[in-house]
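Structure, as structure tokens:
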Amino acid sequence: MFKILIVEDDDALREQLEIGLMASGFEVCHASTGTEAVPAFEKNKPDLILLDLMLPGKNGIEICTEIRKNSGVPIIMLTARTDDTDMIRGLEAGADDYVTKPYKIEVLVSRIKARLRPLKEVLHPIIKIGSIEMDTLSHEVRKGDKKIALTPLEFKLLLTLASHPNEVFSREMLLEQVWEYTYKADTRLVNVHVQRLRSKIEDDQEDPKLVLTVRGWGYKAGPE
Amino acid sequence: MIFSRITKAALDQFRSSLQIRAVVYTVALSGTALIVLGGVLSVSIGNGLFSRKTEQAVIESNRAKFTVSRLFEGVSSQGSWRLEQVLDEVVQELESIGVSQTRQVAFLHSATQPNPKNLSSPTSAGIDLTLITPDFRKLVTSSVGLQTRTVQVIRGGESTPAVLIGQKFTLPGGHNYELYLVYDMYNEQQSLLFVQRTLVLGGFITLMIIGFFSYLVTRWLVRPVQEAADASEVLASGDLDRRLAVRGTDVAAVLATSFNHMADSLQEKITAMDELSKMQQRFVSDVSHELRTPLTTMKLAADYLYDNKEGLPEFSKRSIVNLHGQMDRFDLLLADLLEISRYDAEGVEPVFEVHDLNGIVGVCLAAIQPFADSKNVYLEADIPSGAVQCEVDSRRIERILNNLMTNAIEHGEGKPVVIRVAQNDKAVAVSVTDNGIGMNQQELVQVFDRFWRADPSRKRTTGGTGLGLAISLEDAQLHLGQLEVTAEPGKGACFRLTIPKRHDVTNFESPLPLSVHSA
């Protein structure tokens, strides 16, 4: 059973969320202020975090940044504001996905399940792209001798691109294959995470050699 | 043709430019003044020259009288031969005295006295004796002293005024003679001409200078007016910070001060209204945001109840169904409110990507089909083969189309709804035409207004939010496109969305007609 940490300051909403998630078969724990969030994460070791952005004490973006320092745990932001700058900053801080209020429990559950689903079996256990070596069994990524820490989402994104080198993936295709959106979603999810991925694997982020932008179309993994 | 065009251009310029008009008027008036002045000067200089010459002639004639008297002194006793000899000298002597170089002499034996000795009447060479008329000779012989008369002589091929002065003499021996001196005014005439020419030239130059100065002065005067006009233009185009520089304390400074005053109060009012409008928009936005958290809780609760309603008493079950349905409607309304307030706050960031419009229309058709089926409305699609590529935010285009199709099905009275797609080199278009109740002129004007409903008495079936078309219009404008409508009561309505293929093109024509009859 997956354990989910809910960080939400509105008690009624948090309780209703807990009811919905428990009814869907998840184990839940919670934190009701920003300052409680990180200790609750360390104590409960959840498999996924639902994080409200507007919190007393410490806001969602700070919490996100802090957790990402040493954990790749899936984080889904719950945003009341579709105020894009907050949402984008949250994604840049390392959140994997976001759901805007008001949401349906089915939508939220399907987002949670998409983030918790294990990677599909791949034909070759080791995939190489440039100087990067991906071990699909241990989920380890090496650049030369250096180990690179990717979140599961970043790993899946790179794997999807690298499994088909030089094949162009549109943002929609990536949303479908990596985020498992079946319907239209925000393509900026892709843009932000490609940026994050590049910052970890590229020598020069401004001049990427591994994950290339194809203007007007999308992205592709660079030449072998 | 060209001439008349130039004249017209000059006339237009004259009418439109205050400065040119001022200069033209100044030059015309100064010109008139100069002509009058020149005329007066010319006449008075001419008169002066003429009277001086006459005075001089009179003085010289008096002197000539003494010369002649001296010549004939002492010839009394001698005979007529001696007299004749002296007579010959008279003309030569008189021609050489005095300063006037242009003097002609006639020393005539009086016609009223017999001339038995046949004494000669010597004259200067080239003198026109017809000038000395019998009338004048009679006047001279009958009077004492000098007689003066103005005549015209030919000098150097030109007619020149001259003074003719006559006086009588009695020579020794009782011979009556008349002395006529003709002083022509050729030199004076030349001087006068020279003066006149100078006056004309001087007048012309003065006029040019006046024109130039009046140009400078009017420019200096007109400039503040021009500046005020330019500033008004800038102000009207929306730059409320524009002000005029105030220099000095004259009327131009007053104009500038008043103008700035006006601009200040205008800016104040506009800023205040802007702020009020922003506050209202912010309020709507804030309220909508604040509603979202409780709404989420209510929705989650309603969903949970709905999913677990089996086994509950019938009334509870119905209540839960109603609650659940209305939560969804509340949700939609809030989403639309948020969207429109985002447009109001200009916080919309579209994602433009190349899409096939046919694909987008296909997705929308598939999504709306169940609703059309429930209303027994036949959806007819007229879609070109091949891709209709355009640079759009597909989510927004889908939203527009979904809206138009829903409206068409709702108001289509069960008759077919036609969806057309077409493209030309610059733009793509989709039209949605129904054969339903249509709209009258007044309704057409209001159709894009917020919360406006075609017929308030009509039963709502889909529970639209009333913001759909307002948002659609904003969506279309975000693409630099157009969302247009035409309708006829009882015949139906046609909505046409036209979007430029590239989202930076502004001049394009729609590839589809806007007409209810094309259905």
Using the Cα centre of the range B:21-193 as the reference point, and only Cβ charges (+1 on K/R, -1 on D/E), how large is the resulting charge dipole? Debye, rounded to the nearest 20. 380 debye
With unit charges on the beta carbon (Lys/Arg positive, Asp/Glu negative), name the residue among B:358, B:435, B:381 whose Cα is farthest towards the positive pole of the charge dipole of the range B:353-518. B:435
Tally Lys/Arg at +1 and Asp/Glu at -1 over every other residue whose Cβ is under 12 Å from the Cβ of residue A:45; what's the total? -1
Alpha-carbon gyration tensor eigenvalues x 5, square-rooted, for the range A:1-101, Å: 19, 15, 13
Below 14 angstrom from the Cβ of residue A:142, what's the summed charge of the other residues (Lys, Arg +1; Asp, Glu -1)? +1
Ratio of the Cα radius of gyration of the protein assembly as shown to 2.2 N^0.38 Å, where N counts its residues: 2.04
Residue A:45: which lysines have alpha carbons under 21 Å from its alpha carbon, excluding same-chain residues fewer than 8 sequence positions away? A:3, A:58, A:69, A:113
At a Cα cut-off below 28 Å, give the lysines reachable from residue B:491, other chains included and same-chain residues fewer than 8 away excluded. B:375, B:415, B:459
So if we plug the beta-carbon distance of residue B:509 and residue A:142 into 1/(1 + (r/R0)^6) with R0 = 60 Å, what FRET efficiency do we get, rounded to 0.05? 0.55
For a label point 7 Å from the Cα of residue B:440 along Cα→C-beta, name the residues of the range B:480-499 whose backbone N is under 12 Å from it. B:489-490
Mean residue ellipticity at 222 nm from the helices of chain A, using -39,500 (n - 2.57) per DSSP H segment of n ≥ 4 over the full residue count, to the nearest 500 deg cm²/dmol? -11500 deg cm²/dmol
Can you tell me which aspartates and glutamates have their Cα less than 20 Å from the Cα of residue B:65? Leave out same-chain residues fewer than eight positions away. B:55, B:73, B:84, B:88, B:89, B:93, B:95, B:178, B:184
Nonlocal amide H pairs with residue A:128, under 5 Å, H built at 1.01 Å: A:134
Where the Cα pairs of the range B:375-429 fall when distances are cut into 10 Å bins, in %: 21, 46, 28, 5
Estimated 222 nm signal from helices in chain B, with DSSP H stretches of n ≥ 4 weighted -39500 (n - 2.57), rounded to 500: -20000 deg cm²/dmol
Using only Cα atoms and rounding to the nearest 10 degrees, what angle (0 to 90) does helix B:80-96 make with the longest principal axis of chain B? 20 degrees
Using the Kirkwood radius over Cα pairs of the range A:64-114, the Stokes-Einstein translational diffusion coefficient at 10 °C and 1.306 mPa s, in µm²/s and rounded to a whole number, is 138 µm²/s
Among the GluC sites (Glu not before Pro) in the range B:272-316, which ones are in a DSSP loop with at most 15 other Cβ atoms within 10 Å of the Cβ? Mind listing them? B:310
Quote the Stokes-Einstein diffusion coefficient, in whole µm² s⁻¹, for the range B:117-228, based on the Kirkwood radius over alpha carbon pairs, a temperature of 10 °C and a viscosity of 1.306 mPa s. 84 µm²/s
So if we plug the beta-carbon distance of residue B:226 and residue A:33 into 1/(1 + (r/R0)^6) with R0 = 45 Å, what FRET efficiency do we get, rounded to 0.05? 0.10
Note down the nm distance, to one decimal, between modelled labels 7 Å out along Cα→Cβ at residue B:148 and at residue B:345. 10.6 nm
Show the residues, 5+ positions off or on another chain, whose built amide H is closer than 5 Å to the amide H of residue A:148. A:141, A:142, A:143
With θ set to phi - 60°, apply the Karplus curve 6.51 cos²θ - 1.76 cosθ + 1.60 along the range B:103-120 and write out the HN-Hα couplings as whole Hz, x wherever there is a Gly or Pro. 10, 10, 10, 9, 10, 9, 5, 4, 6, 7, 10, x, 10, x, 7, 6, 6, 7
Which of the DSSP-defined H helices in chain A satisfy a minimum axial length of 15 Å, computed from C-alpha atoms, and a minimum mean Kyte-Doolittle hydropathy of -0.5? A:11-23, A:105-116, A:152-163, A:188-201
Over the Cα atoms of chain B, how large are the radius of gyration and the largest Cα-Cα distance (Dmax), in Å? 54.7, 182
So if the hydrodynamic radius of the range B:353-518 is defined as the Kirkwood radius over C-alpha pairs, what does Stokes-Einstein give as its diffusion coefficient at 37 °C and 0.692 mPa s, in µm² per second? 208 µm²/s
Whole-Hz Karplus couplings 3J(HN,Hα) for the range B:201-216, θ = phi - 60° and coefficients 6.51, -1.76, 1.60, Gly and Pro as x, run 4, x, x, 5, 5, 4, 4, 4, 5, 4, x, 5, 5, 5, 4, 4
Label-point separation, residue B:208 to residue B:96 (7 Å along Cα→Cβ), nm: 5.1 nm
Once the Cα gyration tensor of the range B:1-62 is diagonalised, semi-axes √(5λ) in Å: 50, 14, 4
Approximate spin-label separation residue B:139-residue B:125, in nm, with each point projected 7 Å along Cα-to-Cβ: 3.1 nm
With only alpha-carbon atoms counted, please give the Rg and Dmax of the range B:177-254, in Å. 28.6, 102
What are the residues whose amide H is under 5 Å from the amide H of residue B:353, where those residues sit 5 or more places off or on another chain and H is modelled from the backbone? B:392, B:393, B:394
Helix B:468-478 sits at what angle to the longest principal axis of chain B, using alpha carbons and giving 0 to 90 degrees rounded to 10? 50 degrees
Taking the range A:126-221 on its own, what percent of its Cα-Cα pair distances exceed 18 Å? 41 percent
Can you work out ³J(HN,Hα) from phi for every residue in the range B:276-290, in order, using Karplus 6.51 cos²θ - 1.76 cosθ + 1.60 and θ = phi - 60°, giving whole Hz and x for Gly and Pro? 4, 5, 5, 4, 5, 4, 4, 4, 4, 5, 4, 4, 4, 5, 4
What do you get for Rg/Rh over the range B:252-344 if you use C-alpha atoms and the Kirkwood form of Rh? 1.45
Using a simple charge model, +1 on the beta-carbon of Lys and Arg, -1 on the beta-carbon of Asp and Glu, nothing else, what dipole does the protein assembly as shown show about its Cα centre, in debye to the nearest 20? 2800 debye
Crossing angle, helix B:357-374 versus chain B [Cα axis fit, 0-90 degrees, rounded to tens]: 50 degrees
Based on the Cβ-Cβ distance from residue B:283 to residue A:206, what FRET efficiency comes out when R0 is 45 Å, to the nearest 0.05? 0.60
Could you tell me the center-to-center distance, by alpha carbons, between the range B:467-510 and the range B:224-292 in angstrom? 33 Å
Net charge over other residues, Cβ less than 12 angstrom from the Cβ of residue A:117 (K, R count +1; D, E count -1): +3
Any idea what % of Cα-Cα pairs in chain A are farther than 29 Å? 26 percent
Want the number for residue B:290 to residue B:387: 0.36 nm per residue separation, take away the alpha-carbon distance, what's left? 30.6 nm
Using just the C-alpha positions of the range B:21-193 as equal point scatterers, what log10 of I(q)/I(0) does the Debye formula give at each q in 0.16 1/Å? -0.94
Sparse-neighbourhood loop hits (trypsin sites (Lys or Arg not before Pro), the range A:155-211; DSSP loop; Cβ within 10 Å at most 15 others) -> A:184, A:209
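Read the figures in this text as sums done on the coordinates, not as results from a lab. Everything numeric here is computed off the predicted structure, so don't read it as measured data. Reconstructed Cβ throughout: ideal geometry from the backbone, glycine too, with neighbour counts over all protein chains shown.
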